[in-house]
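**Q** Dumping the structure here so I can ask a few things about it.
The values are calculated or read from the model by the stated rules, or taken from the named source; none is laboratory data. Bear in mind that the values here come from a model prediction, so they are computed numbers and not experimental data. Neighbour counts run over all protein chains shown; Cβ positions are idealised from the backbone, glycine included.
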Amino acid sequence: MKNRITIIIALFLISIGVNAQIDRSKQPKPGPAPKITLENPKEFVLKNGLKVLVVENHKLPRVAFSLTIDRPPVVEGDKAGMSSLLGSMLGNGTTHIAKDDFNEEVDFLGARMSFRSSGGSARTLSKYAERILELMADAAIYPLLTEVEFQKEKDKQIDGLKAMDKNVAAIAGRLGPALSYGIHHPYGEFISKESLEKISLADIESFYKDHFNPNNAYLVIVGDVDYKKIKKQVRKYFGKWEKSNYKYPVLPVEKSNVSQTEIDFIDMPHAVQSNISLTNNVDRKISDSDYFAVLIANKILGGGFNSYLNMNLREEHGYTYGARSSIGVDKYTTSRFSAGASVRNAVTDSAVVQTLKEIDRIKKEPVKVEALKNAKAKYVGDFVLSLERPSTIAYNALTVKVNDLPSDFYATYLEKINAVTVEEVQRVANKYFKPENARFVVVGKGSDVIENLEKTGISIKYYDTYAKAVEKPNYDIAIPSDVDVKVVLNNYIKAIGGRAKLDEVNSVLIKAEAELQPGMMLNMEMKKTVKNQFMQDMSAMGNSMSKQVLDDNTGYVVAQGQKKDMTPEEVKKVQAESSPFPEVNYLNQDVKLEKIEKVEGENAYKIIVSDELSVFYSVATGLKLKETRSMGVASSSIFYTEYNEVAGIKFPFRMTQTMGPRKFDFIIKEIKVNEGVSDADFK
């Protein structure tokens, strides 16, 4: 049957007579795994080397195009970022069609088109397929690489790097590959402000000429097309693409795995969570005989909600919102096995120990038959559902081709999954999961976590955020003998204007905004009084997203239109922060001066206000630099900068809030002292 994906599921039919009864004491036996029948794509090759695979599927009037350039990874060296910049510039017009006209036409046709440095993709209705194919070819062969667009994309990436500086997950994502492969390997090098600034438009044009060509490129077409017609169209539009004479150099050798387990620690003084990731390099190809056994082993260890890692770190101990593991394949070089999570600072060492425990468990203990069955069932379900997506069909066809796999690789995929045994899972776990030769890359707040990490007995090495080896930071900064918690609080009060000025304040109104995403602003309005009154309203596009109101001993919260009264405990917490200047209240509360630590490179006194709240004050200026609040598994920090005077009192005019990988810069637009606030605001 032409151009169809047929899924045949065997069902058991029971017909034992009119009076027969089902024996419900016995669990029904499962039927055989779904049998997958995939039609092999039709193929042809253009004179320039472009290989084209066509899978006709006439069930829906749509077509998907996927262009992939199968090239080895390349070292970009001191100009790292060329491929990233090229990818961001491709698809934004051509030498024949202006950027705006190009994008408007794609949108008008209801299509989607995107490019990257190693290919591109497009989706459209079949009646517009030829025009979208033409536009895609024009964008690939005649890209509009202008100085204006080049500078715009470069500036955008430099701004993105600045945002990464405080992002623990982003730093961990950079350091893991850098430490595993080495910074001179294509997979280990990273983009920096310095490398971006060295790149010129000429470099981008040269990179495009050498690496974006049809020499070893594949165009996969899936959908409602006629093979003969689409073949003529591809020849017409992509036949003009010229080959390149570039010869790829031999890849540099990646770093070896370590001889014993070590912790590679990167200090992020502002971090409210630690990112932990155990990783070792693996030589693994998709054509390996144990490919399917490794998929199942990883699924059981950390590939799903019920995995060993997640059930331990999340469900049993509550260290994290999710723990995962992954293991890659690579045609050209080694890949990596990784296992880890983002965890609270206080449990960083425990999470490291428990991660090692679960990996040791899958290596030494045969997995339970039930766990194996569940892992297989998840793969079966996901695989069958994925076949509804044209992108999956294109990916499967391409994977078979570029890796020289048997033509029935995906047709027999589920059979091979279901053939994996308990013994095979244990064997491949010992072959690929190598904690004894792995780095535990930990990015976190050293002053909070190092002491306990040292107690694990695992050797610790220290690196900066660009993978350069450094000495262990000094976390033991002595508090001067004449400084106590009241001195710190009074220094802050003096720094912002003095007690006399603060005592004149009855109310404060603050309005601020932060950019949620380009063109969408998050607005904050906050009101406080000295009468235990507090109101904070967060809104976007004129609609309130959340509101919190306290009036002396009662309060409520409104979120997504639902109102909820505060509990007595919640009222007490809000009351503690309702004063225009909570530090005045701290003077009469049981708060504790814990230590001095770095905040954005500046020494700061850390005061513990409660189990949930810590506040940091500059040793040099006395000003408040940061607040950190723990919320169960997660934590959030607010950084206070850009102090300016209003009514004789200094207020921060930038408040940067971070929570996990998310960051919002609230810019103060208005502050009013003793005006703009009434009792009616707290009703």
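**Q** Residue by residue through segment 289-320, note down the ones that are of a type in the set (A, V, I, L, M, F, W, C) and part of a loop (DSSP other than H, G, I, E, B).
**A** F305
**Q** What pairs come out if I take residues in segment 661-683 that are farther than 24 Å from V558 by Cα and pair them with residues that are part of a loop (DSSP other than H, G, I, E, B) whose C-beta lies under 7 Å away, six or more apart or interchain?
**A** Short answer, once both residue conditions are applied: P661/N167; V673/V505; V673/A647; N674/V505; N674/N506.
**Q** I'm checking my understanding of the structure. Among residues of segment 504-527 that are of a type outside the set (A, V, I, L, M) and in contact (Cβ under 8 Å) with a residue 60 or more places away in the chain, which one is surrounded by the most Cβ atoms within 10 Å (Cβ to Cβ)?
**A** That would be K527.
**Q** Right, another one. Just need a number here: residues in segment 131-143 that are surrounded by fewer than 18 Cβ atoms within 10 Å (Cβ to Cβ) and in contact (Cβ under 8 Å) with a residue 60 or more places away in the chain.
**A** Within segment 131-143, residues that are surrounded by fewer than 18 Cβ atoms within 10 Å (Cβ to Cβ) and in contact (Cβ under 8 Å) with a residue 60 or more places away in the chain number 1.
**Q** One residue is enough: does segment 424-437 have a residue meeting the conditions more than 25 Å from R336 (Cβ to Cβ) and in contact with a helix residue (DSSP H, G or I) (Cβ under 7 Å, 6 or more places away or on another chain)?
**A** No.
**Q** With the requirement that a residue be under 20 Å from L623 (Cβ atoms) and either under 36 Å from the mean Cα position of the chain (by Cα) or of a type in the set (F, W, Y) (or both), what does segment 571-591 give you?
**A** Answer for segment 571-591, where residues must be under 20 Å from L623 (Cβ atoms) and either under 36 Å from the mean Cα position of the chain (by Cα) or of a type in the set (F, W, Y) (or both): E577, F581, P582, Y586.
**Q** What residue, of S447, S459, is surrounded by 20 or more Cβ atoms within 10 Å (Cβ to Cβ), of a type outside the set (A, V, I, L, M, F, W, C) and in contact (Cβ under 8 Å) with a residue 24 or more places away in the chain?
**A** Exactly one of S447, S459 is surrounded by 20 or more Cβ atoms within 10 Å (Cβ to Cβ), of a type outside the set (A, V, I, L, M, F, W, C) and in contact (Cβ under 8 Å) with a residue 24 or more places away in the chain, namely S447.
**Q** Just a yes or no: is a residue in segment 70-82 surrounded by fewer than 20 Cβ atoms within 10 Å (Cβ to Cβ), at pLDDT 95 or above and touching a strand residue (DSSP E or B) at 6+ places or on another chain (Cβ under 6 Å)?
**A** The answer is no; no qualifying residue exists.
**Q** Just name the residue that is surrounded by the fewest Cβ atoms within 10 Å (Cβ to Cβ) out of those in segment 83-121 that are farther than 23 Å from D203 by Cα and touching a Ser or Thr at 6+ places or on another chain (Cβ under 8 Å).
**A** So, considering only residues that are farther than 23 Å from D203 by Cα and touching a Ser or Thr at 6+ places or on another chain (Cβ under 8 Å), the one surrounded by the fewest Cβ atoms within 10 Å (Cβ to Cβ) is G110.
**Q** Only residues in segment 233-247 that are on the phi > 0 side of the Ramachandran plot count as the first member; pair them with residues that are loosely packed, with under 14 Cβ neighbours inside 10 Å, Cβ under 8 angstrom, at least 6 apart or cross-chain, and list the lot.
**A** Hits for this filter: zero, empty list.
**Q** Continuing with this model, one more query. Which one of these is within 29 Å of the chain's Cα centre (by Cα), more than 30 Å from S289 (Cβ to Cβ), surrounded by fewer than 15 Cβ atoms within 10 Å (Cβ to Cβ) and at pLDDT 90 or above: V470, V442?
**A** Exactly one residue qualifies, and that residue is V470.
**Q** OK, next. Please specify each residue of segment 479-501 satisfying the condition of being over 16 Å from N585 (Cα atoms) and in contact with a Gly (Cβ under 9 Å, 6 or more places away or on another chain).
**A** Answer for segment 479-501, where residues must be over 16 Å from N585 (Cα atoms) and in contact with a Gly (Cβ under 9 Å, 6 or more places away or on another chain): A495, G497.
**Q** Let me ask another. Return the only residue of V487, V470, V483 being touching a residue at least 60 places away in the same chain (Cβ under 8 Å), out of contact with any Cys (no Cβ under 6 Å at 6 or more places or on another chain) and at negative phi.
**A** Matching residue, one of V487, V470, V483: V483.
**Q** Determine, yes or no, whether D679 is surrounded by fewer than 15 Cβ atoms within 10 Å (Cβ to Cβ) and either among the charged types (D, E, K, R) or not assigned by TED's automatic domain parsing to the domain that holds E583 (or both).
**A** yes
**Q** Here's another thing I want to ask about it. Test of understanding: among I230, I221, I183, I191, which residue is surrounded by 20 or more Cβ atoms within 10 Å (Cβ to Cβ) and within 29 Å of the chain's Cα centre (by Cα)?
**A** Of I230, I221, I183, I191, the one residue that is surrounded by 20 or more Cβ atoms within 10 Å (Cβ to Cβ) and within 29 Å of the chain's Cα centre (by Cα) is I191.
**Q** Here is a follow-up. Tally the residues that are among the hydrophobic types (A, V, I, L, M, F, W, C), crowded, with 20+ Cβ neighbours inside 10 Å and out of contact with any helix residue (DSSP H, G or I) (no Cβ under 9 Å at 6 or more places or on another chain), restricting the search to segment 169-180.
**A** Residues that pass the stated criteria total 4.
**Q** Here is a further query. Assigned to a loop (DSSP other than H, G, I, E, B) and not hydroxyl-bearing (S, T, Y), is that true of Q260?
**A** Taking the combined requirement at face value, the residue satisfies it.
**Q** So, one more: Determine which member of the set A438, A500, A478 is among the small types (G, A, S) and out of contact with any strand residue (DSSP E or B) (no Cβ under 8 Å at 6 or more places or on another chain).
**A** Matching residue, one of A438, A500, A478: A500.
**Q** Taking the stated definitions as given, is E147 farther than 18 Å from V220 by Cβ, assigned by TED's automatic domain parsing to the domain that holds D224 and surrounded by fewer than 19 Cβ atoms within 10 Å (Cβ to Cβ)?
**A** Judged against the criteria, E147 is a match.
**Q** Would you mind stating whether K563 is in a strand (DSSP E or B) and loosely packed, with under 15 Cβ neighbours inside 10 Å?
**A** yes
**Q** Quick one: in segment 233-259, which of the residues that are surrounded by 15 or more Cβ atoms within 10 Å (Cβ to Cβ) and among the aliphatic types (A, V, I, L, M) is farthest from P61 (Cα to Cα)?
**A** V258
**Q** In addition: Determine whether V425 is outside any loop (DSSP other than H, G, I, E, B) and in contact (Cβ under 8 Å) with a residue 12 or more places away in the chain.
**A** When the stated conditions are applied, V425 passes them.
**Q** S578 versus (1) surrounded by 20 or more Cβ atoms within 10 Å (Cβ to Cβ); (2) in contact (Cβ under 8 Å) with a residue 60 or more places away in the chain: which is the lone unmet condition?
**A** (2)
**Q** Still on this structure, please answer the following. Considering each residue of segment 194-209, count those that are exposed (fewer than 15 other Cβ atoms within 10 Å of the Cβ) and in a helix (DSSP H, G or I), and give that number.
**A** 6
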